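Only one structure is covered here, and it is reproduced in the block below.
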Amino acid sequence: MTRFLALAAALLFAPLNAFADDSVTDFKLDNGMEVVVIEDHRAPVAVHMAWYRSGSADETPGVSGVAHFLEHLLFKGTDTLEPGEFSATVARNGGNDNAFTSYDYTAYYQRVAADRLELMMKMESDRMVNLRLDEGDIETERNVILEERNQRVDNNPSALFREQKGAVQYLNHRYGVPIIGWRHEMESLSLDDALSYYGTYYSPNNAILIVAGDVTPDEVKTLAEKYYGVIPANPDLPERIRAIEPPQTAERRMIFRDPRVAQPWVNRSYLAPARDSGAQEKAAALVLLSEILGGGQTSLLNERLQFDKQMVVYAGAGYGAGALDDTTFDLYVVPKPGVSLQEAEDAMDAVIAEFLENGVDEEQLARIKMQLKASQIYARDDVESIANRYGRALTQGLTVADVQAWPDVLQAVTVDDIMAAARDLFNRDRSVTGWLMADAAQPVEVSQ
């Protein structure tokens with residue numbers, strides 16, 4: 001234990017720039033495509049990722065789910081590849097591939113031996129512009145995403161609760177629409193809907209290429225210019241303007257009942273500022289606030305409610321730092337059997353009131369900062385994780401410099417910064433509280 005504490009202290013007080021990602025190079029192609037190269041020569045592996053600055057929040061109203069739908073459709077054929085041939089080629093070359101969609105981005109990646117990088121660029125750049133779809137593809141893949149919704153959302157009371165609560169949280173912004181889409185709109189997604197989104201957003205001047213691993217900037221630049229650089233920019237790429245939430249002036253509440261619920265819980269959320277380029281301090285304070293209140297077993301909510309009062313089986317807090325627009329700060333409590341949701345909520349509020357009165361425990365803050373630094377250092381061992389970190393940040397409007405400055409920004413947060421952020425955040429008139437509970441005919445208690 002003594003050796004661990006000594007190591008942790010060394011990590012905390014070591015110069016942060018000693019752990020900076022010094023081997024990151026970024027540049028732009030003539031067509032506007034941003035390229036980021038992250039060198040890591042410890043293993044002959046490369047991660048190739050194409051990120052698009054468009055996700056479900058960029059969809060046209062009425063076609064929710066089309067961004068995720070198109071993600072599926074990109075694994076269909078192109079002018080040179082048969083349906084399914086893309087992934088089969090990656091697997092045949094010893095790699096793996098996948099894709100994912102969020103509110104602010106859609107990303108496609110392959111992890112392969114470094115000497116297969118050129119093949120990945122050739123195929124990925126091909127499907128950026130040469131996707132070929134027909135009505136059969138649309139019908140087949142539409143059934144796939146509807147079944148995905150069945151499994152992940154419709155058969156999961158917690159997912160249904162989160163979906164409804166998001167709609168209550170955002171009255172005007174597209175973050176209130178589920179990424180996978182509303183079922184009634186997914187059922188009518190068409191070939192024209194998919195091609196319209198594809199033609200609007202899938203272009204090099206809306207994309208970020210991230211290559212990480214056993215590569216050099218020169219070789220990546222040569223290959224990127226050969227395969228991506230010849231694709232013309234989209235001159236009609238729309239400016240990324242989102243609807244803005246109106247000021248919230250009244251507390252909102254919702255109850256979601258479902259007989260399948262085994263563990264009722266309370267979720268309180270507040271609109272919170274996103275992490276802004278060149279001004280990440282407020283977001284950093286909110287990250288640390290979430291760790292202090294609900295970041296683990298030693299957090300304030302867990303100490304007071306789970307161990308001292310023994311009222312809950314779980315308590316937590318989270319801040320959605322990875323967003324382009326205003327995001328949320330959330331509190332969660334799961335009561336023990338015999339404790340009502342109202343009692344659990346009241347107890348949660350009492351802990352927040354206590355925190356606002358007593359302030360931050362400086363020893364706890366130092367410990368959290370040490371843990372964050374250690375996790376950032378250990379994460380550098382995973383080249384795919386590093387590539388993801390840059391991709392998510394750049395698609396939410398941050399820069400390479402912002403990503404590299406983030407550890408220092410976190411360490412510079414003071415007690416006063418955290419308390420100022422908390423006082424600004426915790427206003428019940430700007431909150432949404434949701435209860436997830438069993439059907440009214442059943443007792444509201446958790447299973448043992």
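So which of R240, R253, R260 is under 17 Å from L331 (Cα atoms) and either open to solvent by 80 Å² or more (accessible area, probe 1.4 Å) or modelled with pLDDT under 95 (or both)?
Answer to the check: R253.
Kindly indicate whether L70 is surrounded by fewer than 22 Cβ atoms within 10 Å (Cβ to Cβ), among the aliphatic types (A, V, I, L, M) and on the phi < 0 side of the Ramachandran plot.
In short, no.
Restricting to segment 127-148, and then to whatever is of a type in the set (K, R) and crowded, with 20+ Cβ neighbours inside 10 Å, can you tell me which residue is nearest to V266 (Cα to Cα)?
R142
Report yes if some residue within segment 106-121 is of a type outside the set (S, T, Y), open to solvent by less than 20 Å² (accessible area, probe 1.4 Å) and under 18 Å from S56 (Cα atoms); otherwise report no.
Checked against the condition, which is being of a type outside the set (S, T, Y), open to solvent by less than 20 Å² (accessible area, probe 1.4 Å) and under 18 Å from S56 (Cα atoms), segment 106-121 yields at least one hit.
For residues that are open to solvent by less than 40 Å² (accessible area, probe 1.4 Å) and farther than 29 Å from A57 by Cβ, tally how many sit in segment 312-332.
Adding up the residues that qualify gives 2.
Taking segment 49-70 only, how many residues are closer than 18 Å to V129 by Cα and outside any loop (DSSP other than H, G, I, E, B)?
So the count comes out to 9.
Mind listing just one residue for me: the one in segment 394-421 that is of a type in the set (G, A, S) and surrounded by fewer than 20 Cβ atoms within 10 Å (Cβ to Cβ) and, of those, farthest from E34 (Cα to Cα)?
A420
Could you please let me know if A279 is open to solvent by less than 20 Å² (accessible area, probe 1.4 Å), of a type in the set (G, A, S) and either out of contact with any Gly (no Cβ under 9 Å at 6 or more places or on another chain) or touching a residue at least 40 places away in the same chain (Cβ under 8 Å) (or both)?
Against the criterion (open to solvent by less than 20 Å² (accessible area, probe 1.4 Å), of a type in the set (G, A, S) and either out of contact with any Gly (no Cβ under 9 Å at 6 or more places or on another chain) or touching a residue at least 40 places away in the same chain (Cβ under 8 Å) (or both)), A279 does not qualify.
Looking at segment 348-358, is at least one residue touching a strand residue (DSSP E or B) at 6+ places or on another chain (Cβ under 7 Å), more than 30 Å from D104 (Cα to Cα), touching a residue at least 60 places away in the same chain (Cβ under 8 Å) and in a helix (DSSP H, G or I)?
yes
Based on this model, can you work out whether I377 counts as under 21 Å from A317 (Cβ atoms) and in contact (Cβ under 8 Å) with a residue 40 or more places away in the chain?
So I377 does not fit the description; no.
The values are calculated or read from the model by the stated rules, or taken from the named source; none is laboratory data. For clarity, every value in this text was computed on a predicted model and none was experimentally measured. A quick note on method: Cβ atoms are made from the backbone with ideal geometry, for glycine too, and the neighbour counts reach across all protein chains shown. For the accessible areas, the whole protein counts, side chains as well, though only heavy atoms, and no ligand, DNA or RNA atoms are used. Shrake-Rupley method; radii C 1.70, N 1.55, O 1.52, S 1.80 Å.
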